[in-house]
Amino acid sequence: MALNFHHLGIVVRDIESAGKLYGDMLGLKLWKHGISEDKNNGVLLLSLLVGNTFIELLQPTRPDNRYAKHLGEKGEGLFHLCFNSDDFDNEVNAWKEKGYIVEEEMAGAFEGPPFRLAWISPESTTGVWIELADNAGRSDHT
């Protein structure tokens, strides 16, 4: 497996105030996209640059998705770790062969075409979602 760590995600109730908090507290700069919306997956996203990686803030926009469920059950806090892969299909197949339940979806919050994501549920990990992003379909890898 050749995975590269990309970012960590924090689910929040109010993305604007959380962005201001983290930006002010840690001196972080907003990513060029500002607040983006992934309407298909029901989430607002705001990325804050931390060196060569990100803190991604996530605010659910629907009550029926993984972000809203997490917020309702656990409150605000660490939601996921994201890794990039240049060999997405083989990585996902390896997860499945190891017995992990993998949820796949398309992300469409940023410029360019949608790209593939895969998720392993926190029930299979140590309480944190693991996200895999397909580098092949991404127009902006940063």
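Which value, in debye to the nearest 20, describes the size of the charge dipole of the chain about its Cα centre when Lys and Arg Cβ atoms bear +1, Asp and Glu Cβ atoms bear -1, and nothing else is charged?
Details: 13 positive and 22 negative charges, 69 e Å.
Once rounded to the nearest 20, the dipole reads 340 debye.
Would you mind checking which residues have amide H under 5 Å from Thr61's amide H? H placed 1.01 Å from N; only 5 or more apart, or other chain.
Hits under the 5 Å cutoff: Val43, Leu44.
Count neighbours as other Cβ atoms within 10 Å of each site's Cβ, and list the trypsin sites (Lys or Arg not before Pro) in region 46-127 that are DSSP loop with at most 15 such neighbours. Don't jump to the answer; show the numbers that get you there.
Working: sites: Arg66, Lys69, Lys74, Lys96, Lys98, Arg116; in loops: Lys98.
Hits after loop and neighbour filter: Lys98.
List every residue whose amide H lies under 5 Å from the amide H of His6, counting only residues 5 or more places away in sequence or on a different chain, with H placed 1.01 Å from N in the peptide plane.
For His6, whose amide H was placed from the backbone, the distant partners under 5 Å are Cys82, Phe83, Asn84.
Got a sec to turn the phi values of region 125-136 into Karplus ³J(HN,Hα) couplings, 6.51 cos²θ - 1.76 cosθ + 1.60 with θ = phi - 60°, whole Hz, x for Gly and Pro?
Values per residue, Gly and Pro as x: 10, 9, x, 10, 5, 10, 10, 10, 10, 7, 4, 4 Hz.
With each label point set 7 Å from Cα along the Cα-Cβ vector, what nm distance links Lys96 and Arg62?
2.3
Once you keep just the Cα pairs under 8 angstrom separated by 6 or more residues, what percentage relative contact order results for the chain?
Relative contact order of the chain: 25 percent.
Modelled label-to-label distance, Asp86 and Thr126, 7 Å Cα→beta-carbon offset: nm?
2.9
Under the Karplus relation 6.51 cos²θ - 1.76 cosθ + 1.60, θ = phi - 60°, what is the ordered set of whole-Hz ³J(HN,Hα) values for region 88-105, x standing for Gly and Pro?
Result, ordered by residue: 3, 4, 5, 5, 5, 4, 5, 4, 5, 5, 7, x, 6, 7, 10, 9, 10, 7 Hz.
I need the per residue convex hull volume for the chain, using only the alpha carbons, in cubic angstrom as a whole number.
Spread over its residues, the Cα hull of the chain gives 106 Å³ apiece.
Work out the charge dipole of the chain with +1 on the Cβ of Lys and Arg and -1 on the Cβ of Asp and Glu about the Cα centre, then indicate which of Ser121, Leu26, Asn90 is farthest towards its positive end.
Highest projection toward the positive end goes to Leu26.
Volume per residue, Å³, of the convex hull around the alpha-carbon atoms of region 34-86?
Enclosed volume per residue, from the Cα hull, is 103 Å³.
So if we plug the beta-carbon distance of Val50 and Glu73 into 1/(1 + (r/R0)^6) with R0 = 22 Å, what FRET efficiency do we get, rounded to 0.05?
0.25
Output ³J(HN,Hα) for region 53-60: one whole-Hz value per residue in order, computed from phi by the Karplus curve 6.51 cos²θ - 1.76 cosθ + 1.60 with θ = phi - 60°, and x for Gly and Pro.
Values, residue by residue: 9, 9, 10, 9, 8, 10, 10, x Hz.
Coordinate-derived values only; no laboratory data. Worth saying up front: this structure is predicted, and the values here are computed from it rather than measured. Cβ sites come from the backbone with ideal geometry, for glycine too, and all protein chains shown count toward neighbours.
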